[in-house]
Every structure is written in structure tokens, then in C-alpha cells.
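Quick notes on the structure that follows.
The values are calculated or read from the model by the stated rules, or taken from the named source; none is laboratory data. Model, not experiment: these values are computed from the prediction. Methodologically, a virtual Cβ is constructed for each residue, glycine included, from the backbone with ideal geometry; neighbour enumeration extends over all protein chains shown.
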Amino acid sequence: MYDAIIIGAGPAGITAGIYIKRAGFNVLVISKNESALNKANKIENYYGFEQPISGEKLVKNGINQAKALGINIVSKEVVGIKYSENNHYEVITANQSKDEKYITKTVLLATGANRNRPNIKGIKEYEGKGISYCAVCDALFYKNKDVAVLGNGEYAIGEIEELLPIAKTVTMLTDSKEYIENRSNNEKLKINNKKIQEFRGTNQIEEIQFEDGTTEKINGIFIAQGTASSLDFAKKLGARIENNYIIVNENMETTIPNVYAAGDCTGGILQISKAVYEGTKSGLAIINKLREMSKIKYYK
Ligand SMILES: Cc1cc2nc3c(=O)[nH]c(=O)nc-3n(C[C@H](O)[C@H](O)[C@H](O)COP(=O)(O)OP(=O)(O)OC[C@H]3O[C@@H](n4cnc5c(N)ncnc54)[C@H](O)[C@@H]3O)c2cc1C
């Protein structure tokens with residue numbers, strides 16, 4: 001059991017981790033090893049560097065600083081977060097072995113901004129009317145129905161695995177040639193790599209229109225493109241989202257108790273300094289929450 005699990009090892013996640021660890025709590029950082037900063041060749045506007053520093057080097061420095069403090073950093077892709085017993089949370093990773101379990105009292109979402117939302121006509125209109133972002137939450141609505149999953153990475157595979165035991169058929173909608181067919185070897189699984197033009201329906205989603213003029217009848221579509229992000233995790237837990245950013249209070253806590261968010265995923269100024277500030281704020285708030293929790297336990 002961890003006191004805190006941080007998803008993301010960018011400036012927000014690492015900063016929070018440093019504060020939480022230094023306060024004596026048991027913190028784990030899980031990260032996929034890619035930050036928005038890896039794409040930045042030169043950083044010239046962050047405090048303390050006389051010469052420009054590359055984003056990659058800055059990220060590496062942060063991770064090394066955390067490791068030097070004894071923070072455990074696991075290189076894994078997170079695919080989901082579930083509610084667990086006693087108001088705890090369970091963080092699920094791709095290719096998780098049976099004996100691996102990540103249970104925690106608090107969670108910090110710090111996976112950066114969503115930069116790869118699919119831009120397909122119909123997605124917005126049918127959100128909640130057949131378009132879903134959460135197989136764990138919504139799969140049961142599609143018992144013996146035909147559903148599709150948009151995406152082909154670990155996140156999409158995770159969603160497909162949730163749906164296969166429940167749905168009649170599951171179609172993986174992907175434009176990639178690199179199918180992961182053998183990972184989900186099931187006769188209910190179909191793969192369709194035609195280019196999608198639009199999702200259509202009346203009150204509910206009903207069909208997919210492909211660019212080649214063909215259509216496919218469908219009852220539900222689960223969006224799981226690229227890597228799952230803080231926004232996806234927040235949506236799955238039922239946290240409040242506005243304009244694709246997570247809503248937090250002054251302590252960086254989402255509308256779900258003990259789930260915090262920091263950095264680019266909360267919107268506003270998408271810069272390192274703001275990510276570090278929110279990492280600090282969330283780290284301190286998590287420390288206070290954990291201290292409160294241990295007091296409650298002590299006096300019981
Ligand atoms: C090209 C470019 C140039 C930029 N230049 C500047 C600049 O000059 N100055 C400046 O201040 N800012 C710059 N920025 C913005 C800056 O990179 C971000 O504001 C900052 O990195 C946000 O920090 P973060 O911790 O919120 O997220 P990120 O740095 O994006 O870190 C996110 C972390 O989450 C992890 N992650 C994501 N999904 C998962 C998952 N499913 N499972 C596990 N881990 C996951 C990633 O691997 C990463 O460790 C630039 C951004 C870009 C794209």
C-alpha cells in the first residue's frame with residue numbers, strides 16, 4: 001500500500017514526489033518515460049539556467065534528483081484507476097503481472113496535456129449517447145451489443161479486454177498496420193482499418209461512416225486513442241472536467257476525494273514553471289491529507 005501514487009514524471013509529478021517523500025511518506029511515481037518536454041530542444045525561460053537547457057536534459061535531471069532522494073520510479077504505462085476497498089485506489093498498468101498491485105491512499109494525476117484527441121465528426125455530439133471514454137464504467141450498457149474501440153495501443157487493448165466478455169462483438173478501429181491481434185485472441189474481436197469519416201445516429205450513435213462510402217452499424221464506441229491521460233483517468237473516476245481540462249480546487253484536489261491533479265492537465269498556462277508550482281501545491285496538500293488520515297486512524 002502506498003501513501004501516494006503519482007502518474008507522470010514530468011515537472012509536476014516529480015516536484016510533488018519530492019515534497020511527499022521528504023515529508024516521510026511512501027510515494028511511487030509511475031511513468032511512461034516521455035514528457036512534453038522531450039520535444040523541446042531549448043528551454044530559455046525557466047529560472048536558474050544561465051545557458052539554454054534541452055527539455056530532455058531537464059526531465060532527466062528531475063528524475064535523477066527524485067531517485068537520489070530514494071523515490072521509487074516505475075517505468076510503466078498506466079491504463080486505468082479503479083476504486084478499491086477502504087476508500088483506496090488501485091492503479092492499473094499495461095502488461096501487469098498477477099503479483100503486481102498498486103494500491104494507494106491518494107493519487108496525483110500529472111500526465112501532462114491531452115494533445116491527441118481524435119478529431120472525428122460526431123464524437124462531441126454523441127458523448128454520453130453511445131460515445132464513451134471508459135469501458136470499466138460503461139461496458140455493462142452494451143451487453144450482447146456491437147461496440148467499437150478507437151485506438152490500437154496498450155490503452156485500447158485494455159478497453160477491448162474489458163468489453164470482450166460482455167459485448168457481442170468488439171471492433172478495433174485503427175489506421176495502424178501494427179495490430180496487437182495476438183494479445184487479444186478472441187473470435188468476437190474484429191479489426192477495421194478503414195479511414196473513418198464520421199460517427200452518425202439520431203438520439204444515440206448508430207453507425208460509422210467510412211471514407212470509402214461503406215458503413216458499419218454500431219451500438220457504442222469507446223475512445224482509447226494513444227496513451228490514456230490524466231483526463232481519461234479523471235473522466236473514468238467521474239471527476240469534473242471542463243474544456244478538456246481537469247477542474248481542481250485551491251489544493252489541486254479534483255472533485256473526487258484524495259485524487260489530485262497538477263501541471264498541464266489542469267489547463268491554464270502550459271509552462272514548466274506552472275507545472276512545478278502545481279506540483280508543489282499538490283504535494284503539500286497530499287502531505288496534509290495523509291497527516292489527517294493518520295490522525296483519524298490513531299484516535300480510532
Ligand atoms: C515542443 C514543446 C516545447 C516546449 N517548450 C517550453 C519552454 O520553452 N518553456 C516552458 O516553460 N515550457 C515549455 N513547454 C511546455 C512544457 O513542456 C509543459 O508545460 C510541462 O512539461 C508540463 O509538465 P507536466 O508535468 O504537467 O507534464 P509532462 O511534462 O508532459 O509530463 C507528463 C508525464 O506523464 C507521463 N505519462 C503520460 N501518460 C502516461 C500514462 N498513461 N502512464 C504513465 N505515465 C504517463 C509521461 O511519460 C510524463 O512523464 C513545451 C512543450 C512542448 C510540447
Give the number of residues within the stretch 1-22 that are within 12 Å of the ligand (Cβ to nearest atom) and part of a loop (DSSP other than H, G, I, E, B).
3
Among the candidates Ser84, Ser97, which residue alone is out of contact with any strand residue (DSSP E or B) (no Cβ under 8 Å at 6 or more places or on another chain), of a type in the set (Gly, Ala, Ser) and more than 10 Å from the ligand (Cβ to nearest atom)?
Ser97
Give me the residue from the stretch 23-46 that is surrounded by 14 or more Cβ atoms within 10 Å (Cβ to Cβ) and away from the ligand (no atom under 14 Å from the Cβ) and, out of that set, nearest to the chain's Cα centre (by Cα).
Val27
Hits in the stretch 70-85 - residues which are not in a strand (DSSP E or B) and not aliphatic (A, V, I, L, M):
Gly70, Lys76, Glu77, Ser84, Glu85
I'd like to check something: does the stretch 199-217 contain any residue that is assigned to a loop (DSSP other than H, G, I, E, B) and without any contact (Cβ under 8 Å) to a residue 12 or more places away in the chain?
yes
Has the stretch 102-124 got any residue that is surrounded by 19 or more Cβ atoms within 10 Å (Cβ to Cβ), among the polar types (S, T, N, Q) and outside any loop (DSSP other than H, G, I, E, B)?
yes
Assess whether Phe49 counts as being among the hydrophobic types (A, V, I, L, M, F, W, C), assigned to a loop (DSSP other than H, G, I, E, B), more than 7 Å from the ligand (Cβ to nearest atom) and without any contact (Cβ under 8 Å) to a residue 24 or more places away in the chain.
yes
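Residue-wise test of (1) out of contact with any Ser or Thr (no Cβ under 8 Å at 6 or more places or on another chain); (2) modelled with pLDDT of 95 or more.
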position: Ala4; (1), (2): no, yes
position: Ala9; (1), (2): no, yes
position: Gly13; (1), (2): no, yes
position: Ala16; (1), (2): no, yes
position: Arg22; (1), (2): yes, yes
position: Asn26; (1), (2): yes, yes
position: Ile30; (1), (2): no, yes
position: Glu34; (1), (2): yes, no
position: Lys39; (1), (2): yes, no
By residue number, the members of the stretch 249-272 that are assigned to a loop (DSSP other than H, G, I, E, B) and either closer than 25 Å to Asn86 by Cα or away from the ligand (no atom under 13 Å from the Cβ) (or both) are Asn249, Glu250, Asn251, Met252, Thr254, Thr255, Ile256, Pro257, Asn258, Ala262
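Okay, residues lined up against (1) touching a residue at least 40 places away in the same chain (Cβ under 8 Å); (2) surrounded by fewer than 16 Cβ atoms within 10 Å (Cβ to Cβ); (3) outside the structural domain of Leu37 (by TED's automatic domain parsing):
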{"position": "Asp232", "(1), (2), (3)": "yes, no, no"}
{"position": "Leu237", "(1), (2), (3)": "yes, no, no"}
{"position": "Ile246", "(1), (2), (3)": "yes, no, no"}
{"position": "Asn251", "(1), (2), (3)": "no, yes, no"}
{"position": "Thr255", "(1), (2), (3)": "no, yes, no"}
{"position": "Ala261", "(1), (2), (3)": "yes, no, no"}
{"position": "Glu278", "(1), (2), (3)": "yes, no, no"}
{"position": "Ile286", "(1), (2), (3)": "yes, no, no"}
{"position": "Met293", "(1), (2), (3)": "yes, yes, no"}
Looking at Glu127, Glu90, which one is at pLDDT 95 or above, surrounded by fewer than 17 Cβ atoms within 10 Å (Cβ to Cβ) and under 27 Å from Glu253 (Cα atoms)?
Glu90
Would you check which residues across the stretch 100-130 are of a type in the set (S, T, N, Q) and over 18 Å from Leu231 (Cα atoms) and list them?
Thr104
